[in-house]
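> Before I ask anything, here is the structure I am working with.
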Amino acid sequence: MELKDDVYSIQGIPVQEIASQFGTPVYVYDADKIVSQINHLKEAFTGLPLKIKYAVKSLTNMSILKLMRQNGTEVDAVSIQEVQLAMLAGYSAEEILFTPNSVSFAEIQEAVEFGCVINIDNISILEQFGHTYGNSKSCCIRLNPHIMAGGNHKISTGHIDSKFGISVYQLRHILRVVKTYNMDISGLHVHTGSDILDPEVFLQGADIIFESAMEFQDLRFIDFGSGFKVKYKENDNTTDLIELGQRLGGAFKKFCAEYGRELEIWFEPGKYLVSEAGYFLVSANVIKTTPATVFVGVNSGMNHLIRPMMYDAYHEIFNVSNPRGTQRLYSVVGYICETDTFGWDRPMSEVREGDVLAIKNAGAYGISMASNYNSRFRPAEVLVHNGQAKLIRKRETMEDLLRNQVEVEL
Ligand SMILES: *Cc1c(COP(=O)(O)O)cnc(C)c1O
């Protein structure tokens, strides 16, 4: 979004116009920003056989999936429904990595039957997979290297508690299972967490993976997961992808030379690709001055964007309708009967009832985590693509709330 001549716009379309045309609350995505993020990641790893597996759980709208596909990304799915959505968007099953946790073996079998690449994060499932398929189907193994994401220390009791991945300390056990069933392990995977600023963390994870990889004869790829930190505030640092590309890329090439084969390098970003492309537009319903603060009550809440309440995530908020107004402090809250605060004591241009506010970083885990709590409709979604604002999901209606309810005789 840019501010020019006192008007906020996306690809030249005034944001205020988008809000009037489609109503609020509405999620708006800038396709150009998504494409530039994809390209930036590709540039950082040029010269390597890179695959970007978009973590669709962050934003699953079909039009976004199609945009991703047009721009050469593949898919990381965590449920069989995400697998099916990706296929409906035109992806072939071979392009989909299925990385579930705690799902039944039956769900994994469904994905195998489609032809997805299966990522296994549990020894019990690995055994069932080996027992069922032997070496007739390959799979990837998700390792937990016990790295503290964001910190510099390997191995902490905190991370040893993680439910994700198979501990690297169980490598011997993994290898026994692989040998017993003569399994074909096509890849190793590590996903250390989110908002990792320091390339060093990726490199530490990589070292552990490379060491483990030497134990597997026939790998085709290594998947370094995700966790690139994106910008939430003006002066935020972000993962330096160029530095990461040089250092991790260099280490990867060296590893491949030792391994004796050129492997593919995979990543599975969600947030990195879509977070900054999304804006959540809401309207100021009421202004309320209290002894503590000035509240702006908006026509949305934790039912539409839960990250501030659930993860204490910081989402910048600004007043689209009054770009040059006097700066004041506001606490922006939702209309849900809970304490649903989007932001406390935020500097903003003076807010008047009816003004449109934009909440930033709303592309990832916004609508995909939205609910109908308080019996509110989930918002519409709009994609700005080639200079046009297009509706890509209708606002819900009363029918949607009632669709699956069964009224019985009482
Ligand atoms: C959620 C998830 C991702 C994406 O994480 P982001 O922080 O959105 O980039 C990638 N891989 C796996 C296995 C995940 O569960």
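Coordinate-derived values only; no laboratory data. None of these values were measured; they are calculated from a predicted model. So basically every Cβ, Gly included, is an ideal-geometry build from the backbone, and we count neighbours across all protein chains shown.
> Quick one: plug the Kirkwood hydrodynamic radius of region 340-410 (C-alpha pairs) into Stokes-Einstein at 37 °C, 0.692 mPa s, and report D in µm²/s.
209 µm²/s
> Oh, and also: Can you tell me the FRET efficiency between residue 341 and residue 162 if r is taken as the Cβ-Cβ distance and R0 is 35 Å, rounded to the nearest 0.05?
0.75
> Add -39500 (n - 2.57) for each DSSP H run of 4 or more in the chain, then divide by its residues: what number comes out at 222 nm, to the nearest 500 deg cm²/dmol?
After summing the helix terms and dividing by residue count, I get -8500 deg cm²/dmol.
> By how many degrees, between 0 and 90 and to the nearest 10, does the Cα long axis of helix 199-213 differ from the longest principal axis of the chain?
30 degrees
> Kindly express, to the nearest 10 degrees and within the range 0 to 90, the angle between helix 31-44's C-alpha long axis and the longest C-alpha principal axis of the chain.
30 degrees
> Considering only DSSP beta bridges with both partners in region 32-271, what is the antiparallel share in %, to the nearest 5?
5 percent
> Using a 7 Å offset from the Cα along the Cα-to-Cβ direction at both residue 368 and residue 5, what is the distance between the two label points in nm, to one decimal?
Inter-label distance under the simple model: 3.8 nm.
> Continuing with the same structure: Please grab the % of Cα pairs in the chain that end up more than 38 Å from each other.
Pairs farther apart than 38 Å: 27 percent.
> Sorted from fewest to most neighbouring beta carbons within 10 Å, what does the list 40, 191 look like?
Fewest to most other Cβ atoms nearby, the residues stand as 40, 191.
> Still on this structure, please answer the following. Taking the alpha-carbon set of region 32-271, what are its Rg and Dmax in Å?
17.1, 54
> Explain nothing, just the number: relative contact order of the chain, from Cα pairs under 8 Å at least 6 residues apart, as a whole percent.
Reported as a whole number, the value is 19 percent.
> Going by how many other Cβ atoms sit within 10 Å of their own, how do 110, 353 line up, fewest first?
Exposure proxy ranking, most exposed first: 353, 110.
> Bin by bin, in steps of 5 Å, what percent of the Cα pairs in region 290-361 do you find, going until the bin that has the longest distance?
Each 5 Å bin holds this share of Cα pairs: 3, 17, 30, 27, 16, 6, 1.
> Next up: What are the ³J(HN,Hα) couplings of region 313-330, residue after residue, when phi is run through the Karplus curve with 6.51, -1.76, 1.60 and θ = phi - 60°? Round to Hz, x for glycine and proline.
Once θ is set to phi - 60°, the couplings for region 313-330 become 6, 8, 10, 5, 10, 9, 8, 6, 7, 9, x, 10, x, 4, 6, 9, 9, 9 Hz.
> Give me the dipole magnitude in Debye, nearest 20, for region 260-410 about the Cα centre, with unit charges on the beta carbon: positive for Lys and Arg, negative for Asp and Glu.
Rounded to the nearest 20 debye, it is 440 debye.
> Here is a follow-up. Put +1 on the Cβ of each Lys and Arg and -1 on the Cβ of each Asp and Glu in the chain; which of 305, 44, 208 then has its Cα farthest toward the positive end of the dipole?
My answer, from the dipole projection, is 44.
> Cα-based Rg (one decimal) and Dmax (whole number) for region 237-334, in Å?
Values for region 237-334 (Cα only, Rg and Dmax): 21.9, 69 Å.
> What aspartates and glutamates could a cross-link reach from residue 229, if we take a straight Cα to Cα line under 15 Å and drop same-chain neighbours fewer than 8 places away?
195, 198, 200, 240, 243, 268, 276
> If the cut-off is a Cα-Cα distance under 13 Å, which aspartates and glutamates reach residue 390, setting aside same-chain residues fewer than 8 apart in sequence?
17, 30, 381
> To the nearest Å, what is the center-to-center distance of region 176-197 and region 237-252, using C-alpha atoms only?
Their Cα centres are 22 Å away from one another.
> Given labels modelled 7 Å from the Cα in the Cβ direction, how far is it in nm from residue 390 to residue 257?
A separation of 4.7 nm, rounded to one decimal place.
> Still on this structure, I have one more. Please rank 64, 265, fewest neighbouring Cβ atoms within 10 Å first, as an exposure proxy.
265, 64
> If you find the alpha carbon centre of region 1-40 and of region 326-358, how far apart are they in angstrom?
20 Å
> Which whole-number percent is the relative contact order of region 32-271 (Cα, under 8 Å, 6+ apart)?
Contact order relative to length: 21 percent.
> While we're here: May I ask for log10 I(q)/I(0) of region 29-144 at q = 0.13 Å⁻¹, from a Debye sum over the Cα atoms as equal point scatterers with solvent left out?
-0.53
> Using Cα atoms only, what is the angle between the long axis of helix 105-114 and the major principal axis of the chain, expressed in degrees (0 to 90) to the nearest 10?
Relative to the chain, helix 105-114 is tipped by roughly 90 degrees.
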